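A quick write-up on the structure given underneath.
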There are 2 protein chains.
Amino acid sequence: MRLFAQELQVLNVGLASFADEIVQAGGKATHIEWAPPAGGDRAAGWALARLVNDAEVEAANRKAFGSYLAAQPQLAGIGPARDVIPGMSEHRILHAGPPIEWERMCGPMQGAIVGALLFEGWAKDHESAKRLVERGDVTFAPCHHHGAVGPMAGIISPSMPVWIVRDGATGHRTFSNLNEGLGKVLRFGANSPDVIDRLRWIATTLYRVLDAAFAEAGGIELKPLIAQALNMGDEVHNRNAAVTSLLLRWLVPAMLRSRASRDDVTSAVTFIAGNDHFFLNISMAACKLMLDAARDIPASTMVTAMARNGVAFGIQMSGTGDRWFTTPAPVVDGLYFPGYSMADAAPDLGDSAITETAGLGGFAMAAAPAIVNFVGGTPEDAIANTAAMGHITLGRNGAFTLPAMNFSGTPAGIDARKVVDTGILPVINTGIAHREPGIGQIGAGITRAPLDCFAQAVTALAAALPDQ
Amino acid sequence: MRLFAQELQVLNVGLASFADEIVQAGGKATHIEWAPPAGGDRAAGWALARLVNDAEVEAANRKAFGSYLAAQPQLAGIGPARDVIPGMSEHRILHAGPPIEWERMCGPMQGAIVGALLFEGWAKDHESAKRLVERGDVTFAPCHHHGAVGPMAGIISPSMPVWIVRDGATGHRTFSNLNEGLGKVLRFGANSPDVIDRLRWIATTLYRVLDAAFAEAGGIELKPLIAQALNMGDEVHNRNAAVTSLLLRWLVPAMLRSRASRDDVTSAVTFIAGNDHFFLNISMAACKLMLDAARDIPASTMVTAMARNGVAFGIQMSGTGDRWFTTPAPVVDGLYFPGYSMADAAPDLGDSAITETAGLGGFAMAAAPAIVNFVGGTPEDAIANTAAMGHITLGRNGAFTLPAMNFSGTPAGIDARKVVDTGILPVINTGIAHREPGIGQIGAGITRAPLDCFAQAVTALAAALPDQ
């Protein structure tokens with residue numbers, strides 16, 4: 001009888017509806033947000049139990065995170081993909097995301113590949129390009145298998161010039177193609193003559209000018225440049241306005257002192273000055289370099305890549321090497337340009353989530369409130385996003401500070417265990433491509449990495465470790 | 001007896017020590033921060049009573065603030081001071097702050113004037129320069145009397161090139177000299193041969209290149225440029241890193257397409273790219289233009305200028321026209337470079353407080369947390385500074401948004417009444433010059449405009465209005 005006489009003190013865990021009923025009946029209930037690890041996946045739950053508080057895993061993660069922090073990416077120069085990317089054989093095309101065959105590729109990726117074949121001169125038209133591919137005369141591989149990254153379709157063919165980012169300490173190199181600007185561009189699947197002409201101009205004029213500038217000025221350290229940009233409203237994924245200006249400020253004097261002709265310098269500078277996203281590909285290669293330093297450390301649960309090919313979303317994890325853990329790529333519920341909706345969108349696409357994997361992009365959202373503002377959020381939402389990422393990461397990167405969070409470092413080093421345990425999913429800032437080739441970007445938004453990839457990775461690592 | 005039995009509920013107004021005593025004795029007291037208006041100045045208090053809630057004053061302020069908001073400063077070009085500044089006669093030197101005679105000028109201002117005479121070729125050495133001045137062969141006037149502004153000593157002589165900022169709507173023009181960079185520079189009173197050589201280079205090579213670029217590209221709207229910079233960590237007074245990059249990004253393609261030689265373009269770009277403060281003088285002229293639009297509106301208490309000559313701090317107010325209200329300039333209690341202290345500092349100097357008068361600089365501190373961080377504060381302090389300025393201003397400038405304050409506009413249009421009433425003093429970000437000429441900058445910090453200027457202005461305006 002005393003139980004019924006006293007006031008109820010209810011803590012509710014699990015389904016919110018139990019608490020709701022009590023509140024509706026006039027009682028008080030506190031609902032605790034909790035969900036079983038791995039969304040209730042039993043195997044992943046056991047795997048998690050194996051890996052949590054494990055001394056070997058903790059030591060491996062400290063080593064992986066330390067190596068990521070120690071990497072010193074320098075923008076070292078530019079070169080043709082065929083000459084500088086290891087293993088870049090003729091008739092090979094690199095693409096974004098985990099491995100995928102031609103038949104299963106999404107529209108924008110197929111469109112971009114056709115464009116690359118036209119650019120290379122391997123085919124005369126769309127039909128002959130498709131026949132070439134279907135005859136098996138072209139081989140495909142993920143950019144990530146060749147130390148490279150590419151935004152959206154992420155197509156790199158042998159004649160394309162690529163950025164070379166180099167680790168000052170180890171000499172390790174990573175690569176990315178050059179940003180074409182917005183509008184109809186190859187990376188969104190466009191392949192019309194103007195797109196191909198622009199690729200030719202990039203491979204000739206722009207290449208000449210940039211190559212001459214690097215010959216004049218040597219390289220530039222990228223961490224200080226990115227650090228400045230984070231203090232200037234960029235998160236160096238969806239916003240690169242400040243860092244592109246800073247890069248240009250460094251490049252122009254070198255271009256002018258170089259052997260490049262005045263006409264070439266003029267067109268190169270005009271092109272870069274007109275493209276706020278020019279730095280994105282460099283940012284991606286720098287992030288790839290920092291994360292490559294953390295690869296292949298046995299027992300580490302630090303995520304070393306997140307990438308999408310428009311069909312599958314995949315991650316790689318340090319302790320499981322080059323193995324991909326994939327799941328169907330989601331369609332982004334973002335802000336669509338007028339006349340477009342989710343029904344028009346290709347699923348999530350591109351290697352650019354490498355920035356979030358490195359603690360930038362969505363993880364550094366507090367640096368770039370303009371991005372959440374654009375999709376209807378507030379600066380508080382931006383700070384909340386970054387703060388949430390602190391729950392699934394191994395530490396803070398003191399080289400990348402966030403003014404709005406009292407200059408604390410950005411949360412970095414995704415721990416796959418923590419993602420599975422908390423259900424907090426890595427936030428990713430992204431562009432959205434039309435699902436048909438040739439149309440281009442139709443929106444932008446904020447999406448989340450799917451839980452399943454992390455559950456698979458954790459399960460695989462636990463299975464590979466000895467029982468305890 | 002009941003009074004002594006009940007618990008004390010104390011609200012304390014005025015001296016805090018009364019409340020402290022109660023708290024020390026174990027009681028509770030709430031202290032209300034309040035001070036009498038105008039620091040207890042009886043005349044200013046009566047003047048305030050005359051002006052507060054006065055329909056004519058309110059209407060005048062709405063008009064003044066509206067005119068300030070409506071101004072559209074464009075960077076229109078560059079020209080020699082003698083050709084473009086109205087009333088700029090030969091052997092006239094413009095200086096920062098309110099009017100002052102040679103004998104009373106501070107060290108850095110005298111040093112800069114000697115440098116200007118050497119640059120003009122009116123004198124061969126320091127001695128002949130001083131004789132020329134003491135013979136009365138040179139006339140002095142505040143920059144502000146000629147539609148101009150200059151940072152620190154603010155010296156403008158006839159042969160110096162000046163920025164021309166033009167109001168798109170009214171055609172009104174304002175001017176500022178060109179920024180020389182940091183280190184030993186004229187504006188801090190240095191006048192050694194390298195300083196004069198740099199002034200000559202600015203007046204020839206840099207002038208040629210900029211003039212050719214403007215001939216090629218026309219002008220550029222400054223409000224959108226400043227708005228972008230506020231979203232990139234600048235407050236366009238003590239921090240101009242982003243906006244200088246954005247300006248350069250616009251200038252370089254125009255320079256390259258222009259008639260300027262490649263060598264000249266190279267040296268001009270290298271100079272600008274190496275000087276984060278290059279935009280400061282343009283920012284100042286833009287602020288001057290926006291505030292000139294609010295001048296000379298009878299009965300308005302909106303402040304139209306705050307300026308310092310290193311001896312006096314002066315303000316001008318819309319309703320009192322070109323009259324200066326001055327008080328001794330304070331020495332800035334800022335962050336001094338190693339080896340220097342307040343004992344070495346010249347009192348507050350320069351026209352650059354025009355940026356705060358226009359709602360930028362210290363008033364937009366929330367945009368630039370790096371500045372308070374530099375002097376030991378936090379981003380919260382930066383936001384608090386901007387929020388406090390909201391109590392002494394007429395409104396918000398929606399063209400200049402602050403990401404850290406949910407993209408609200410910067411507080412702008414200082415109401416002299418509100419300063420006198422609340423005792424909240426306008427915050428100013430500033431550099432600090434050595435009191436001796438030729439040494440240069442020795443620190444930077446955050447200072448406050450003195451209350452006395454505002455009390456004088458309010459008193460003068462009330463006296464000029466009919467009794468009620």
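The values are calculated or read from the model by the stated rules, or taken from the named source; none is laboratory data. The shown structure was predicted, so the numbers you read here are calculated from the model rather than taken from an experiment. Backbone-built Cβ (ideal geometry, glycine too); neighbour counts: all protein chains shown.
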Problem set entry | Filtered residue count, the range A:341-371, keeping only those that are surrounded by fewer than 24 Cβ atoms within 10 Å (Cβ to Cβ) and under 27 Å from A:Ala416 (Cα atoms) | 1
Exercise. For A:Gly319, all conditions in the list (1) outside any helix (DSSP H, G or I); (2) among the small types (Gly, Ala, Ser); (3) surrounded by 22 or more Cβ atoms within 10 Å (Cβ to Cβ) hold save one; what is the number of the exception?
Worked result: (1)
Exercise. Of all residues in the range A:389-413, how many are assigned to a loop (DSSP other than H, G, I, E, B) and within 14 Å of chain B (Cβ to nearest Cβ)?
Worked result: 2
Seminar exercise, completed: Filtering the range B:280-303 down to residues that are over 21 Å from B:Asn429 (Cα atoms) and either basic (Lys, Arg) or without any contact (Cβ under 8 Å) to a residue 40 or more places away in the chain (or both) yields B:Arg295, B:Asp296
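Residues are listed down the side, and each one gets a yes or a no for (1) of a type outside the set (A, V, I, L, M); (2) within 18 Å of A:Leu291 (Cα to Cα); (3) out of contact with any Asp or Glu (no Cβ under 6 Å at 6 or more places or on another chain); (4) more than 14 Å from chain B (Cβ to nearest Cβ):
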position: A:Phe374; (1), (2), (3), (4): yes, no, yes, no
position: A:Gly423; (1), (2), (3), (4): yes, no, yes, yes
position: A:Asn429; (1), (2), (3), (4): yes, no, yes, yes
position: A:Ile432; (1), (2), (3), (4): no, no, yes, yes
position: A:Pro437; (1), (2), (3), (4): yes, no, yes, yes
position: A:Gly443; (1), (2), (3), (4): yes, no, yes, yes
position: A:Ile446; (1), (2), (3), (4): no, no, yes, yes
position: A:Gln456; (1), (2), (3), (4): yes, no, yes, yes
For this session: Sort out which residues of the range B:322-373 are more than 17 Å from the chain's Cα centre (by Cα), more than 30 Å from A:Ser408 (Cβ to Cβ) and part of a helix (DSSP H, G or I), and write them in order of number.
Result: B:Met342, B:Ala343, B:Asp344
Problem set entry | Residues of the range B:414-436 classified as more than 20 Å from B:Pro328 (Cα to Cα) and either in a loop (DSSP other than H, G, I, E, B) or in contact with a His (Cβ under 7 Å, 6 or more places away or on another chain) (or both), total | 2
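I'd like the full set of residues that are touching a helix residue (DSSP H, G or I) at 6+ places or on another chain (Cβ under 7 Å) and either part of a loop (DSSP other than H, G, I, E, B) or without any contact (Cβ under 8 Å) to a residue 60 or more places away in the chain (or both), limited to the range B:170-195.
B:His172, B:Leu178, B:Asn179, B:Glu180, B:Lys184, B:Val185, B:Gly189, B:Ala190, B:Asn191
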Exercise. Restricting attention to the range A:293-315, does a residue exist that is among the charged types (D, E, K, R), within 24 Å of A:Thr174 (Cβ to Cβ) and either in contact with a strand residue (DSSP E or B) (Cβ under 7 Å, 6 or more places away or on another chain) or buried (at least 23 other Cβ atoms within 10 Å of the Cβ) (or both)?
Worked result: yes
For this session: Answer with yes or no whether B:His91 is in contact with a helix residue (DSSP H, G or I) (Cβ under 9 Å, 6 or more places away or on another chain), surrounded by 17 or more Cβ atoms within 10 Å (Cβ to Cβ), touching a residue at least 40 places away in the same chain (Cβ under 8 Å) and not basic (Lys, Arg).
Result: no
For this session: Among the residues of the range A:123-136, write down those that are under 30 Å from the mean Cα position of the chain (by Cα) and outside any helix (DSSP H, G or I).
Result: A:Gly136
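Of all residues being touching a residue at least 40 places away in the same chain (Cβ under 8 Å) and charged (D, E, K, R) in the range B:63-85, which is surrounded by the most Cβ atoms within 10 Å (Cβ to Cβ)? Just the residue, please.
Taking the range B:63-85 first, the residues touching a residue at least 40 places away in the same chain (Cβ under 8 Å) are B:63-65, B:67-82, B:84-85.
Now narrow it down to the ones that are charged (D, E, K, R): B:63, B:82.
On the way: B:Lys63: 17, B:Arg82: 15.
Selected residue: B:Lys63.
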For this session: Determine, yes or no, whether B:Thr386 is of a type in the set (Ser, Thr, Tyr), under 29 Å from B:Gly45 (Cα atoms) and either part of a helix (DSSP H, G or I) or modelled with pLDDT of 95 or more (or both).
Result: yes
Exercise. For the subset of the range A:227-250 comprising residues that are under 21 Å from A:Val269 (Cβ atoms) and among the charged types (D, E, K, R), which member is nearest to the other protein chains (Cβ to nearest Cβ)?
Worked result: A:Arg249
Seminar exercise, completed: Pairing a residue in the range A:325-352 that is touching a residue at least 24 places away in the same chain (Cβ under 8 Å) and assigned by TED's automatic domain parsing to the domain that holds A:Thr459 with any residue that is outside any loop (DSSP other than H, G, I, E, B) and surrounded by fewer than 18 Cβ atoms within 10 Å (Cβ to Cβ), where Cβ atoms lie under 9 Å and the two sit 6 or more apart in sequence or on different chains, gives A:Phe325/A:Ala460; A:Pro330/A:Arg448; A:Val332/A:Met342; A:Asp333/A:Met342; A:Gly334/A:Met342; A:Leu335/A:Phe374; A:Tyr336/A:Met342; A:Pro347/A:Pro328
Exercise. Looking at (1) within 14 Å of another protein chain (Cβ to nearest Cβ); (2) of a type in the set (Gly, Ala, Ser); (3) at positive phi, can you tell me which one B:Gly218 breaks?
Worked result: (1)
Exercise. Within the range B:373-398, which residues are free of Cβ contacts under 8 Å to residues at least 60 places away in the same chain and of a type in the set (A, V, I, L, M, F, W, C)?
Worked result: B:Ala382, B:Ile383, B:Ala384, B:Ala387, B:Ala388, B:Met389, B:Ile392
Exercise. Tell me, which strands (runs of 3 or more DSSP E) wholly within the range A:1-99 include 1 or more residues that are closer than 26 Å to A:Asp292 by Cα?
Worked result: A:73-80, A:92-95
Exercise. Given the residues A:Pro338, A:Pro330, A:Pro253, which is the only one that is away from chain B (no Cβ under 14 Å), surrounded by fewer than 24 Cβ atoms within 10 Å (Cβ to Cβ) and either more than 30 Å from A:Arg104 (Cβ to Cβ) or modelled with pLDDT of 95 or more (or both)?
Worked result: A:Pro338
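Just to check your reading of the model, which residue among A:Glu101, A:Glu90 is more than 21 Å from A:Asp351 (Cβ to Cβ) and out of contact with any Asp or Glu (no Cβ under 7 Å at 6 or more places or on another chain)?
Only one candidate qualifies: A:Glu90.
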